[in-house]
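J.: Take this structure first; my questions come after.
Derivation of every value follows stated rules applied to the coordinates shown; laboratory data play no part. The model shown is predicted, which means the values in this text are computed figures rather than measured ones. A quick note on method: Cβ atoms are made from the backbone with ideal geometry, for glycine too, and the neighbour counts reach across all protein chains shown.
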Amino acid sequence: MFSKGFLEEQREKAVADEADDFYDLTTWSLPLAMNVEAYATSQPITVQVQPWSVPARPAFRAAQYGYLVDGNDSGLYRFAGSLLAAGVNFSVSDSEVSANERTFARGTLVILNGNNQQDLGATLERAARESGAAIVSLDSGWSGGTAFGSEKIHYVKAPQIGLVGGSGTGATSYGMLWHTLDVDTPIPHATLSLDSLRNLNFDHYRVLIFPDGEGYADRLGKRGLEKLQAWIRGGGTLVAIKGANAFLRDKDVDISKVKPWEPPKKSGDDAKPQEERYNEYRVPGSAFRTAINGRSYLTFGVPRPPAVLIEGTAAYLPVAHKIDNVVTIVKDNPLVSGVAWPESLDRLKGAAYLISEPYGKGTVITFADEPHYRLFWRGTLPLFLNAVLYRLMRLETALIRRGVDFPLGGSRLVVARKRTAG
């Protein structure tokens with residue numbers, strides 16, 4: 001709770017172009033942070049209740065055909081990290097999967113015996129024990145729905161991730177991302193210095209993660225920028241957090257089309273000079289309602305539109321192609337918790353939070369704010385992990401439609417297309 005008169009005093013300071021006294025957050029809500037349904041009541045609860053306990057995990061059973069891990073399983077990403085570290089071949093489904101008389105969510109992992117070594121069972125049992133993920137055994141390839149060899153099942157190639165840090169990047173932003181990949185999941189990755197990128201062999205990586213920061217253009221230099229452009233154009237995925245997108249839209253770089261919000265221009269007698277300010281109207285860590293593209297691979301493991309945490313003054317306009325605006329802040333009643341001045345709400349209504357832009361054969365994925373803020377805002381964490389794990393899905397889908405081969409585990413998945421006259 002704020003002390004009496006505090007908000008009124010901060011409003012006066014904001015209007016007067018003075019720095020406010022907020023620290024960082026004005027919303028502290030676990031249901032919003034975890035993206036879980038919650039209910040409030042003003043009446044006493046009279047039903048019988050008991051403390052929640054972790055349900056017992058089903059005993060691992062070796063399967064004749066393969067295994068599934070539900071796309072909404074809370075241990076899925078840690079489990080996937082273990083699979084990558086152990087060299088296990090697996091795939092992910094971009095639609096619901098029916099098997100064993102139940103339905104599995106989008107983003108479900110598929111691990112087939114035929115694509116892996118004979119010791120697969122022991123590896124999966126260990127990974128499940130360490131991650132807490134629940135494995136479902138399959139004794140047949142017949143599911144009654146999506147076939148496990150269909151175009152909706154995508155092989156997950158090792159992402160070969162490079163997390164960039166050092167001078168020119170934000171230490172806090174880098175720390176949150178590093179902890180996510182190194183401790184929370186952990187997903188195999190390399191840490192790179194921003195100063196080393198101009199001499200880096202980009203071919204060693206499929207995904208690069210740029211934390212929030214302002215030193216990218218200067219430290220990359222012309223040579224580094226040209227290498228970065230060529231790498232993305234050739235199929236690389238760049239994940240830019242918050243301010244890391246700024247240099248990508250520079251005229252000489254032109255990798256991203258994301259634009260920051262600007263006040264609408266007035267004409268005629270209503271036109272007034274734009275107010276110049278030293279301190280923009282800041283959002284002190286508040287939660288906002290969103291709408292999502294529920295068919296994008298980036299929203300695997302996100303069963304409902306998450307509340308996103310926004311801190312600062314930046315807001316981004318949606319890009320031209322609607323499909324590229326994966327998560328946007330709703331226009332009507334966007335503020336769900338915390339403090340935001342009317343001037344801030346004007347910027348954020350309909351603003352883009354997560355944007356995925358094609359660039360040549362590659363992809364640029366931009367987050368308007370930290371997707372795993374302070375390591376507790378976990379409702380948006382799957383968005384980030386999908387971005388780094390499933391980086392080939394946009395390219396793979398496009399190429400499969402053209403009849404190009406793609407690997408499925410240790411074999412090859414060949415999709416044939418009929419030739420038509422003309």
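J.: Report the per residue volume, in Å³, of the convex hull enclosing the C-alpha atoms of region 66-155.
T.: Roughly 83 Å³ of hull volume per residue.
J.: Enumerate the lysines that Lys157 could reach by cross-link, defined here as Cα to Cα under 19 Å, with residues fewer than 8 away along the same chain left out.
T.: Reachable lysines: Lys361.
J.: So, counting K/R as plus one and D/E as minus one, what does the shell of residues with Cβ under 14 Å around Ala62 add up to?
T.: The answer is -1.
J.: Placing +1 at every Lys and Arg Cβ and -1 at every Asp and Glu Cβ, with all other atoms neutral, what dipole size does region 66-155 have around its Cα centre, in debye to the nearest 20?
T.: Approximately 140 debye in magnitude.
J.: With respect to the cross-link table entries Lys152/Lys227; Lys152/Lys251; Lys222/Lys259, which display a Cα-Cα separation exceeding 27 Å?
T.: Violating the 27 Å limit, Cα to Cα: Lys152/Lys227; Lys152/Lys251.
J.: What's the longest bit of the chain with no exposed GluC sites (Glu not before Pro), using DSSP loop states and at most 10 other Cβ atoms within 10 Å as the test?
T.: My reading of the result: 102-274 is the longest stretch.
J.: If you don't mind, another one. Given just the C-alpha atoms of region 15-68, how large is their convex hull per residue in cubic angstrom?
T.: Output value, Cα hull per residue: 270 Å³.
J.: Sum -39500 (n - 2.57) across every DSSP H segment of at least 4 residues in the chain, then divide by the residue count to get the 222 nm mean residue ellipticity, nearest 500.
T.: Using -39500 (n - 2.57) per qualifying helix, the result is -6000 deg cm²/dmol.
J.: If you don't mind, there's one more thing I want to ask. If you compute Cα Rg over 2.2 N^0.38 Å for the structure shown, which of (1) 1.07; (2) 1.27; (3) 1.36 do you land on?
T.: Among (1) 1.07; (2) 1.27; (3) 1.36, the one calculated here is (1).
J.: Please identify the chymotrypsin sites (Phe, Trp or Tyr not before Pro) of region 242-314 that satisfy two criteria: DSSP loop assignment and at most 10 other Cβ atoms within 10 Å. Which are they?
T.: Tyr278
J.: Counting Lys and Arg as +1 and Asp and Glu as -1, what is the net charge of the other residues whose Cβ lies under 15 Å from the Cβ of Arg249?
T.: Summing Lys and Arg as +1 and Asp and Glu as -1 gives -3.
J.: Now a separate question. Mind checking region 218-275 for trypsin sites (Lys or Arg not before Pro) that DSSP puts in a loop (not H, G, I, E or B) and that have at most 15 other Cβ atoms within 10 Å? Mind dumping the intermediate values first?
T.: Numbers: sites: Arg219, Lys222, Arg223, Lys227, Arg233, Lys242, Arg249, Lys251, Lys257, Lys265, Lys266; in loops: Lys251, Lys257, Lys265, Lys266.
Counting only loop positions with at most 15 other Cβ atoms within 10 Å, the trypsin sites (Lys or Arg not before Pro) in region 218-275 are Lys251, Lys265, Lys266.
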